[in-house]
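The values are calculated or read from the model by the stated rules, or taken from the named source; none is laboratory data. Keep in mind the model is a prediction, meaning the values are calculated, not measured. Cβ placement follows ideal geometry from the backbone for every residue including glycine, while neighbour counts extend to all protein chains displayed. Please note that ligands, DNA and RNA were not included when accessible areas were found on the heavy atoms of the full protein model with its side chains. Shrake-Rupley method; radii C 1.70, N 1.55, O 1.52, S 1.80 Å.
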Amino acid sequence: KNEVEQSPQNLTAQEGEFITINCSYSVGISALHWLQQHPGGGIVSLFMLSSGKKKHGRLIATINIQEKHSSLHITASHPRDSAVYICAVDGNKLVFGAGTILRVKS
Amino acid sequence: KAGVTQTPRYLIKTRGQQVTLSCSPISGHRSVSWYQQTPGQGLQFLFEYFSETQRNKGNFPGRFSGRQFSNSRSEMNVSTLELGDSALYLCASSGGTGGESGELFFGEGSRLTVL
């Protein structure tokens, strides 16, 4: 079993839909990162969480340390949100999930 | 504020050669970490440096090494290249201190092809 599991692996949504990407992990961590990678592009950090909830614009990230689970929500999705979303957990080193490929259709 | 700069962006090597990649972090950041990204294995942690000291190391063979200079610039070296070393190598800098990474700022990566 991988230390970090993301679901779903692939997600297609219509513009305007509410999207949720999940991340479960099995190790003790000090923080969890949500990252975004566009095709052929670099990686952008969306959130770093150690507890609770954070919001940036249409993006919301939550973490439940006791349940070892985090979610990334995108409200009112847009085609420009199409990207790979990666969860990474910070124990004594970063361990990455396999990523969720999101496609938002107009 | 300039971002994280990685050089070279693209390079082609042959098996058995060695390669050195460079990463200049955001000014003021003392933590630099390196990652390998391949289609098969995804993103994997290579190592992290903080104030010239290697703080953590991933599960890679000794052919992979790195160092950090006093100005926080970092280099990674791969010796005796193998076909499987073909990958996108990413570095990230962070203003984090102590034991956690802090928010990560990634460079565009160096794409290495080994023939």
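What list of ³J(HN,Hα) values in whole Hz, one per residue of the stretch A:58-65 in order, does the Karplus curve 6.51 cos²θ - 1.76 cosθ + 1.60 (θ = phi - 60°) give from phi, with Gly and Pro shown as x?
Per residue, the Karplus-derived 3J(HN,Hα) values read 8, 9, 9, 10, 10, 9, 10, 5 Hz.
Starting from the Cα gyration tensor of the stretch A:1-95, multiply each eigenvalue by 5, take the square root, and state the resulting semi-axes largest first in whole Å. Walk me through the numbers on the way to the answer.
Numbers: eigenvalues 97, 40, 31 Å².
With the √(5λ) rule applied to the stretch A:1-95, the semi-axes are 22, 14, 12 Å.
Can you give me the long-range amide H partners of residue A:17? Hydrogens built in the peptide plane at 1.01 Å from N, cutoff under 5 Å, separation of 5 or more residues or another chain.
A:77
Based on the Cα atoms of the protein assembly as shown, what semi-axes does the equivalent ellipsoid have, where each is the square root of 5 times one gyration tensor eigenvalue, given in whole Å with the largest first? Mind showing how you got there, number by number?
Values: eigenvalues 170, 79, 53 Å².
After diagonalising the Cα gyration tensor, the semi-axes are 29, 20, 16 Å.
Which of B:76, B:104, B:40 sits farthest toward the positive end of the charge dipole of chain B, with +1 on the Cβ of Lys and Arg and -1 on the Cβ of Asp and Glu?
B:76
Could you list which residues have their amide H under 5 Å from that of residue A:82, counting only those 5 or more apart in sequence or on another chain, with H placed in the peptide plane?
Residues meeting the criterion, in which the H sits 1.01 Å from N, are A:104.
Tell me the relative contact order for chain B as a rounded percent, counting alpha carbon contacts under 8 Å between residues six or more apart.
On the way: 298 pairs, mean separation 41.4, N = 115.
RCO, chain B: 36 percent.
Heavy-atom accessible surface, probe 1.4 Å, ligands and DNA/RNA ignored: which residues of the stretch A:33-47 lose at least 50 Å² versus the isolated chain?
For the stretch A:33-47, once contacts with the other chains are taken into account, A:43, A:45 lose 50 Å² or more.
Need one value: the accessible area of residue A:67 in square angstrom, 1.4 angstrom probe, rounded to the nearest 10.
130
Chains A and B: buried accessible surface, both sides, probe 1.4 Å, rounded to 100 Å²?
What A and B bury together is about 1400 Å².
Determine the order of B:32, B:4 by accessible area, beginning with the largest, at a probe radius of 1.4 Å. Spell out each step's value before the answer.
Working: B:32 0, B:4 20 Å².
Largest to smallest exposure gives the sequence B:4, B:32.
With +1 on the Cβ of every Lys and Arg and -1 on the Cβ of every Asp and Glu, and nothing else charged, how large is the dipole of the protein assembly as shown about its Cα centre, in debye rounded to the nearest 20?
Details: 21 positive and 15 negative charges, 56 e Å.
That gives a dipole near 280 debye.
Compute the relative contact order of the stretch A:51-106 as a whole-number percentage, counting only Cα pairs closer than 8 Å that sit 6 or more residues apart in sequence. Write down the numbers at each step before the final one.
Details: 78 pairs, mean separation 14.1, N = 56.
It comes to 25 percent, rounded to a whole number.
Only Lys, Arg, Asp and Glu count, each charged at its Cβ (+1, +1, -1, -1), so figure out the dipole size of chain B about its Cα centre, rounded to 20 debye.
220
Taking each residue in A:79-89, count the Cβ atoms of any other chain within 10 Å of its Cβ, then average. What number comes out? Write down the numbers at each step before the final one.
On the way: counts 0, 0, 0, 0, 0, 1, 0, 3, 0, 5, 0.
For peptide A:79-89, the averaged partner shielding equals 1.
Give me the accessible area per residue for chain A, probe 1.4 Å, as a whole number in Å².
Working: 5080 Å² over 106 residues.
Per-residue accessible area for chain A comes out at 48 Å².
For the stretch A:71-83, just list the computed ³J(HN,Hα) in residue order, Karplus coefficients 6.51, -1.76 and 1.60, θ = phi - 60°, integers in Hz, with x standing in for Gly and Pro.
10, 10, 10, 10, 8, 6, 4, 9, x, 5, 7, 4, 4
Please list, in order along the stretch B:41-50, the HN-Hα scalar couplings obtained from phi with the Karplus expression 6.51 cos²θ - 1.76 cosθ + 1.60 (θ = phi - 60°), rounded to whole Hz, x for Gly and Pro.
Rounded to whole hertz, the list is 9, x, 8, 9, 6, 9, 6, 10, 10, 9.
Could you tell me which trypsin sites (Lys or Arg not before Pro) in the stretch A:1-56 are loop residues by DSSP with no more than 13 other beta carbons within 10 angstrom of their beta carbon?
Values: sites: A:1, A:53, A:54, A:55; in loops: A:1.
Here the trypsin sites (Lys or Arg not before Pro) that fit, given the DSSP loop and packing criteria, are A:1.
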